[in-house]
Each structure stands twice: as structure tokens, then as C-alpha cells.
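Note sheet for the following structure.
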Amino acid sequence: MNEITRPAGNEMWGGRFAAKPAAIMQEINASIDFDKRLYAEDIAGSKAHAAMLAATGIISPSDEAEIQRGLDLVLGEIEAGTFAFSREREDIHMNVEARLAELIGPAAGRLHTARSRNDQVALDFRLHVKRAFVETEAALGRLILAFLDRAEEHADTVMPGFTHLQVAQPVTFGHHCLAYVEMFARDRSRCRDAIARLDESPLGAAALAGTPFPIDRHRTAAALGFAGPTRNSIDSVSDRDFALEFLSTAAIAATHLSRLAEEIVIWSTPQFGFVRLSDAFSTGSSIMPQKKNPDAAELVRAKAGRITGALVALLTVMKGLPLAYSKDMQEDKEQVFDAIDSIGLSLSAATGMVRDLGVDVAAMRRAAGHGYSTATDLADWLVREIGLPFREAHHVTGRAVALAESTDARLEDLPLDVLRSLHPRIHAGVYEVLSVDASVRSRRSFGGTAPENVRREIAEWRARLG
């Protein structure tokens with residue numbers, strides 16, 4: 001038999017094309033510069049696919065053995081940094097397959113039986129995102145533990161609680177830390193929920209319609225750690241919900257991190273002086289020697305915009321695509337890879353800042369007493385002790401605040417006769433509720449700031465986290 005001569009076109013589809021792509025086409029088409037990051041997932045998927053092909057009799061055991069040996073060699077080269085990635089081979093899949101052919105010969109050509117790059121990339125990407133979810137969940141857990149440690153340390157530390165960035169009511173710093181525990185725990189639960197949804201293998205869907213070969217998709221799914229295979233071949237190759245869910249989860253978590261970073265930036269100013277960032281998470285100025293800048297917090301704050309931008313970008317890519325696969329979907333990875341790196345870095349930086357944060361307990365206490373933060377306690381006392389309707393109590397308290405403000409006094413400094421001028425039934429017992437300590441101790445309702453609540457919540461969270 002005469003050897004078949006291939007034309008000068010692309011080695012993957014040279015039978016159809018007689019000429020090579022234009023240089024600019026190669027430039028826009030190649031994805032190896034970023035999707036080489038998927039090498040471990042690509043090789044794991046190929047190994048599982050080869051094992052299944054042999055088990056179902058589609059390829060011979062000897063071919064499978066050679067394929068497995070060759071894939072191990074390719075993996076070793078990539079991890080050793082000796083693998084020569086080629087942009088002419090476009091992507092990680094063809095780079096691996098071409099090198100496999102160089103190492104083991106014709107047996108390599110049988111590996112692609114009963115699969116397409118469409119289900120191959122869907123598999124690789126899904127595996128990569130699944131691992132990113134697992135790592136993000138673990139990083140969130142470490143941040144939560146850091147907050148629990150600080151909450152325990154500061155269960156009794158009084159600080160001002162804010163609304164509109166104005167002093168509202170006294171709270172404890174431990175309670176404030178637990179607010180972040182709740183936020184990041186929701187992020188962690190989103191990771192777990194998303195993992196359960198993406199835990200299906202698209203391998204075997206082929207280009208879009210499945211394959212006539214007698215493959216065993218349940219076998220490859222199990223080998224790759226999935227709960228099972230996807231159930232529709234069209235959706236298998238066109239779905240990127242798992243990537244969108246990662247970006248969405250990361251964007252929400254980054255928003256929470258940005259709020260934390262904003263508080264650290266504000267609280268570390270001399271005007272607040274609540275906290276001090278350690279040298280490990282600060283930088284200086286090239287011209288002002290006195291400066292100690294909260295750059296780690298500021299960069300964490302900025303990463304939120306970058307991650308949210310990645311989510312919007314991928315949503316925009318996907319919004320107009322007809323089923324099944326379109327090359328637009330090659331633009332799904334750079335945003336996700338960048339978001340994976342950004343959220344991981346942000347979580348690590350935030351955990352470090354929280355653990356190293358110096359807390360000025362005295363400054364927090366002083367600020368907690370400013371702004372008439374116990375005014376609500378006075379109004380509640382008027383309702384509870386002398387039976388005023390709350391709206392009337394609110395009015396009496398407002399007049400008390402105005403009097404205190406006119407003399408630059410605290411509420412607890414107002415003489416009893418002055419308070420009685422506002423309402424004759426006010427008695428000396430009112431002073432028991434006007435201190436910030438009494439205020440926080442009184443907030444014992446479920447979810448309130450009382451130190452006993454804070455300690456109970458810390459214990460429950462530690463039990464949940466194991």
C-alpha cells in the first residue's frame with residue numbers, strides 16, 4: 001500500500017485544508033500560552049480514557065500500555081520544565097498528543113478514538129475548576145478560623161457599631177469578627193454547593209452527539225473522581241455554568257474581602273486608630289519616611305473589581321452562543337485562571353492580616369462612647385421601666401441627646417434633675433443602662449452582641465468546623 005501524502009495544511013485537519021492558516025489566524029486561534037495550565041487534568045483525562053478504551057475492547061492492551069507509559073513521560077517532562085510547548089499546535093491537547101506520538105509512535109493516534117477536543121476541554125476545565133473550588137473552600141476555612149481566634153480574644157472588647165459610617169450602638173469587636181465568619185461561611189457553602197453541581201464528567205460526549213463506539217462513561221467518570229457522567233451530550237460540551245459559578249462565588253467572596261479591607265484601611269488611620277497592620281502587610285513611602293501604608297488591604301480591595309470583571313466578561317461571552325460548542329468558549333479560561341489566582345492570593349493575604357492585626361482596645365472603647373451610642377438603651381429603658389410607647393421614648397431620648405450635645409456632655413453625665421425635666425418618672429436606675437458595657441451586656445437576644453452570645457457562637461462554629 002502506498003503511503004498517504006498529507007498536504008501542507010494543519011496537521012489536525014490537513015485532509016480538508018490545503019494551506020496553512022494565516023499568521024494572524026494562528027495568533028488569534030492559539031490558546032497554549034494559557035491553557036497549558038491544564039496539563040495535569042488533560043493527561044489524567046487521557047489516562048482514564050485510554051484505560052476505558054482498552055477495558056471495552058476498543059483498543060488493544062498493548063496500545064493502552066504504550067499510551068499510559070508515554071503519557072507518564074509527557075507529564076514528567078512538563079513537570080521538569082523540559083517540555084517544548086508549540087503555538088503551532090494550538091492548545092494543550094494537541095501539544096500533549098503530538099509529543100505522545102513522538103515518544104510512542106502509531107499507538108498515540110488511537111488515544112483520540114471516541115472523543116473530541118470539545119469534550120476533552122470541557123473535562124479538563126471542569127476538573128481544574130473543581131480543584132479550585134476545593135482549594136478556595138479550604139482557604140475560606142482558614143480565614144474563618146482566624147476570625148474565630150480574634151473573636152475569642154476580643155469577646156468583651158467594646159467598640160462602636162456603625163450605620164452610615166456614623167456611630168450607632170456599642171458592640172463587641174468579637175461580635176464584629178463573627179459577622180465576617182457568617183459572610184465567609186456563606187461563601188464556603190457556595191463552594192460546596194457548586195462542587196455538587198459540577199460533579200459530572202463530560203468525557204465521552206465527543207463533539208456534541210456522543211459516539212458509536214461502545215464506551216463506558218461511568219467508568220471514566222469514576223476514575224476521574226466524578227459522581228457520574230453528564231446526561232446530555234450537547235449540554236456536556238456547551239456548558240460553562242461551573243466556570244460562571246466559580247466566578248460568581250469568587251466575586252461574592254471578593255466583595256466580602258473588599259469590605260474587610262476597607263475597614264482595615266479606615267481603622268488603621270490615625271483618625272480612627274482602632275487597629276495596626278503589622279510590618280509584614282504594610283509598605284512605606286519613597287518620599288515620606290513616617291508613612292506606613294495598608295497596601296495589602298488596598299490590593300485585596302482592588303482584586304474585587306478584577307474578579308467581578310472576569311464574571312461579567314464570561315457572562316458576556318456565553319450570552320449569545322447557540323448550542324453546542326463555539327470557538328468563543330476558548331475565551332472562558334483566562335478570566336477564570338486569573339480569578340482563581342486572585343481569590344487565592346486575596347484570601348491568603350486577608351488571613352495573614354487578620355491574624356497579625358494589632359487591636360487598640362482603649363481606642364475602640366473611647367470611640368464606643370462617642371456619638372451618644374447608648375441613646376437607644378435610654379429609649380428602651382423608658383419603654384421597659386416606665387411604660388412609655390416607643391415613639392414617645394424616642395422623642396424624649398432625642399431631647400436628652402440634644403441637651404447633652406449642647407453642653408458637650410455624655411448621656412451618662414447628665415444630672416438626674418435634667419433627665420427628670422424631660423420626663424418626671426425617670427429615676428436613678430437609668431444610669432445602669434447608659435454605659436457602653438451595660439449596653440453590650442444587655443444585647444442577649446439571639447444573634448446579639450452580648451459577650452456571652454459571642455462565646456457561645458464561637459463554640460458552635462468551632463464544633464461545626466470540626
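The values are calculated or read from the model by the stated rules, or taken from the named source; none is laboratory data. What you are looking at is a predicted structure, and each value in this text was computed from that prediction instead of being measured. No Cβ is skipped: glycine too gets one built from the backbone with ideal geometry, and neighbour counts run over all protein chains shown. Ligands, DNA and RNA are stripped out before the accessible areas are found, and what is left, the full protein with its side chains, is counted by its heavy atoms. Shrake-Rupley method; radii C 1.70, N 1.55, O 1.52, S 1.80 Å.
Observations, loosely collected:
- Rough spin-label spacing in nm, given labels placed 7 Å along Cα→Cβ, for Glu405 and Asp156: 3.4
- Inter-part distance where the range 24-81 and the range 350-412 are each reduced to a Cα centre, Å: 65
- Förster radius 35 Å - calculated FRET efficiency between His164 and Leu416, Cβ distance, rounded to 0.05: 0.65
- The simple spin-label model puts a point 7 Å past each Cα toward its Cβ; for Ser278 and Ala209 those points are separated by 6.2 nm.
- Alpha-carbon centroids, the range 206-283 and the range 123-143: separation in whole Å: 6
- Heavy-atom SASA rank of Leu465, Leu411, Leu224 (probe 1.4 Å, accessible area, largest first): Leu465, Leu224, Leu411
- q = 0.08 Å⁻¹: log10 I(q)/I(0) that the Debye formula gives for the chain, counting C-alpha atoms only: -0.65
- A DSSP coil position with no more than 12 other Cβ atoms inside 10 Å describes none of the GluC sites (Glu not before Pro) in the range 241-275.
- Table column - 3J(HN,Hα) (Hz), the range 430-437, Karplus curve with 6.51, -1.76, 1.60, x for Gly and Pro: 4, 5, 5, 10, 8, 8, 5, 5
- Ligands, DNA and RNA aside, Val167 has an accessible area near 50 Å² when probed at 1.4 Å.
- Applied to the range 349-354, the Karplus parametrisation 6.51 cos²θ - 1.76 cosθ + 1.60 on θ = phi - 60° returns per-residue 3J(HN,Hα) values of 5, 5, 4, x, 5, 5 Hz, with x for Gly and Pro.
- Of the trypsin sites (Lys or Arg not before Pro) found in the range 247-338, those that fall in a DSSP loop while having at most 11 other beta-carbon atoms within 10 Å are Lys291, Lys319.
- The share of accessible area on the chain that comes from carbon and sulfur is 54 percent, using a 1.4 angstrom probe.
- Fraction of beta bridges assigned by DSSP in the range 113-259 that are antiparallel (%, nearest 5): 75
- Taking label points 7 Å from Cα along the Cα-to-Cβ direction, Tyr431 and Gln290 give a separation of 4.1 nm.
- Spatially near lysine pairs across the chain, Cα under 22 Å, sequence gap of 8 or more or different chains: 12
- In plain terms, the bigger the Kirkwood radius, the slower the diffusion; for the range 127-210, with that radius from Cα pairs, at 10 °C and 1.306 mPa s, Stokes-Einstein puts D at 102 µm²/s.
- Close amide H pairs (under 5 Å, H built 1.01 Å from N) link Ala168 with Gly161, Phe162, Thr163, residues at least 5 positions away or on another chain.
- Using θ = phi - 60° in the Karplus curve 6.51 cos²θ - 1.76 cosθ + 1.60, the 3J(HN,Hα) couplings for the range 163-174 round to 10, 6, 6, 10, 4, 10, 9, x, 9, 9, 5, x Hz; x is entered for Gly and Pro.
- The slack between Arg456 and Glu88, meaning 0.36 nm per residue of separation minus the straight C-alpha distance, is 126.4 nm.
- Helix-only mean residue ellipticity at 222 nm for the chain, each DSSP H run of n ≥ 4 adding -39500 (n - 2.57), per residue, nearest 500: -19500 deg cm²/dmol
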